[in-house]
Amino acid sequence: MRRKIVVGNWKMNNTIAEAIELSSAIAEELRDGGASCEVGIAPAFPALSGVHGVLEGTGIHLAAQNCHYENDGAYTGEVSVRMLEEAGCSYVIAGHSERRQYFGETSAIVNLKVKKVLSEGLRVILCVGETLEEREQGITGEVVTGQVKDGLEGIADIADVVIAYEPVWAIGTGKTATSQQAQDVHASIRETVAALYGQQAASDLRIQYGGSVKPSNAEELFAMPDIDGGLIGGASLKAEDFVAIVNAAGR
Ligand code: PGA
């Protein structure tokens, strides 16, 4: 059975001090209740080391929000997977729609990142999702299937891959996909993966939903058969809300 995974994507929020405070509060609350799903936190780069110190020994994973696809070199402003590993990361998010939209990340670039993360022995969260226009044009399936295929191009083994389905129109907008809308896309992602990697790999693959997940809708989303947890933006910035979502995944 797939173990659910809930990851907080803090985006460009929290100073180092704030990140340490928030991660400490989350770790504290989860220590009492114990998390029955896998949990991760993705702070901004400067806070990684400090948050790593907080999370050590708690079982909560440290994740990075992005990476470069080379090990080192003249890439001003970029951070390599090796650096992230040394900072304590076990997961890296690749191809978040904000990276695709605002920073020109193409599917080809996302694929290079996915490959680099895996070749360095870390796990990757590959984000996919359609825009509102694409949904309205009725091409959600095509777009998402294309992103999954492109993102995984040339990758032989997906044991260390998590896919996050995040409809762009639901991110940070307060509009959540209905649990059935999300389930339909998750099921089609699993079919795509089954065609590429076989039934076993597809049924082992964890597919997170992301886009305005809150304590009030998490349980219903996570109860769907193909939704294996969430990638949480806004609601991960409050310890209480994030922990409630983690607990919803454990039920
Ligand atoms: P949101 O963000 O929960 O604030 O909608 C989700 C994400 O972008 O990962």
Original post:
So for ILE60, ILE139, what's the accessible-area order with a 1.4 Å probe, most first?
Top reply: ILE139, ILE60
Original post:
Can you list the HN-Hα couplings for segment 169-177, worked out from phi with the Karplus curve (6.51, -1.76, 1.60; θ = phi - 60°), rounded to whole Hz and with x for Gly and Pro?
Top reply: 5, 9, 7, x, 9, x, 8, 9, 5
Subject >> Selected from LEU126, LEU118, LEU62 as most flexible by GNM, with the chain as the system and alpha-carbon contacts under 10 Å >> reply: LEU118
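Remind me, relative contact order of segment 105-251 in percent, using alpha carbon pairs under 8 angstrom and six or more residues apart? Walk me through the intermediate numbers first.
Numbers: 227 pairs, mean separation 31.3, N = 147.
Relative contact order for segment 105-251 comes out at 21 percent.
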Subject >> Cα centroid separation - segment 209-244 against segment 1-53, whole Å >> reply: 14
Original post:
the chain: Rg/Rh from Cα coordinates, Kirkwood Rh?
Top reply: 0.94
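As an exercise, take the mean of 1/r over every pair of distinct alpha carbons in segment 190-246, invert it, and state the Kirkwood radius in angstroms. Intermediate values should be presented prior to the final figure.
Numbers: mean 1/r = 0.0815 Å⁻¹.
One decimal place: 12.3 Å for the Kirkwood radius.
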Original post:
segment 151-186 to segment 91-108: how many Å between their Cα centroids?
Top reply: 13
Subject >> Virtual spin-label span in nm between GLU153 and GLN199, 7 Å along Cα→Cβ >> reply: 3.0
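Given C-alpha coordinates of segment 106-161, what is the ratio Rg to Rh with the Kirkwood estimate of Rh? Intermediate results must be reported in sequence, preceding the final value.
Working: Rg = 12.5 Å, Rh = 11.9 Å.
With Rh from the inverse mean 1/r over Cα pairs, Rg/Rh is 1.05.
Per-residue ellipticity at 222 nm for the chain, helices alone: DSSP H runs ≥ 4 residues times -39500 (n - 2.57), over residue total, nearest 500 deg cm²/dmol? If you can, show how the numbers build up before the last one.
Working: 11 runs with 114 residues, N = 251.
Computed mean residue ellipticity for the chain: -13500 deg cm²/dmol.
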**OP:** Would you grab the residues whose amide H sits under 5 Å from the one on GLY40? Only those 5+ places off in sequence or on another chain, please, with H modelled 1.01 Å from N.
**Re:** VAL6, VAL7, GLY8, HIS61
Original post:
Leaving out ligands, DNA and RNA but keeping every protein chain, what accessible area does LYS11 have, in Å² rounded to the nearest 10, with a 1.4 Å probe?
Top reply: 50
Original post:
Measuring from the lowest to the highest alpha carbon on each principal axis, how far does segment 66-146 reach, largest first, in angstroms?
Top reply: 43, 24, 17
Subject >> Carbon and sulfur %, accessible surface of segment 156-251 computed with the full protein complex present, 1.4 Å >> reply: 50
**OP:** Mind checking the per residue accessible area of the chain for me, 1.4 Å probe, whole number of Å²?
**Re:** 44
Original post:
What residues have an amide H closer than 5 Å to that of GLY229, excluding those fewer than 5 places away on the same chain, when H is modeled at 1.01 Å from N in the peptide plane?
Top reply: ILE5, TYR209
Original post:
Sequence-distant or interchain residues sharing an amide H contact under 5 Å with ALA164, placed H: which?
Top reply: LEU126, CYS127, VAL128, GLN208
**OP:** Determine the alpha carbon to alpha carbon distance for each of LYS115/LYS149; LYS115/LYS238; LYS11/LYS116; LYS11/LYS175; LYS116/LYS149; LYS4/LYS214 and list only those over 23 Å.
**Re:** LYS115/LYS238
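In the chain, once you exclude exposed chymotrypsin sites (Phe, Trp or Tyr not before Pro) (DSSP loop, at most 14 other Cβ within 10 angstrom), what's the longest stretch remaining?
Details: sites that count: TYR75, PHE103.
Free of exposed loop sites, the longest segment is 104-251.
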**OP:** For segment 1-115, go through all pairs of different Cα atoms, get the mean of 1/r, take its inverse, and jot down that Kirkwood value in Å.
**Re:** 14.9
**OP:** Pop out the ³J(HN,Hα) list for segment 121-138 in order, Karplus 6.51 cos²θ - 1.76 cosθ + 1.60 with θ = phi - 60°, rounded to Hz; leave Gly and Pro as x.
**Re:** x, 9, 9, 10, 10, 8, 8, 9, x, 9, 7, 4, 4, 5, 5, 5, 7, x
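The values are calculated or read from the model by the stated rules, or taken from the named source; none is laboratory data. Everything numeric here is computed off the predicted structure, so don't read it as measured data. Here Cβ is always computed from backbone atoms with ideal geometry, including for glycine, and neighbour counts include all displayed protein chains. These area figures cover heavy atoms from the full protein model, side chains too; ligands, DNA and RNA do not enter into them. Shrake-Rupley method; radii C 1.70, N 1.55, O 1.52, S 1.80 Å.
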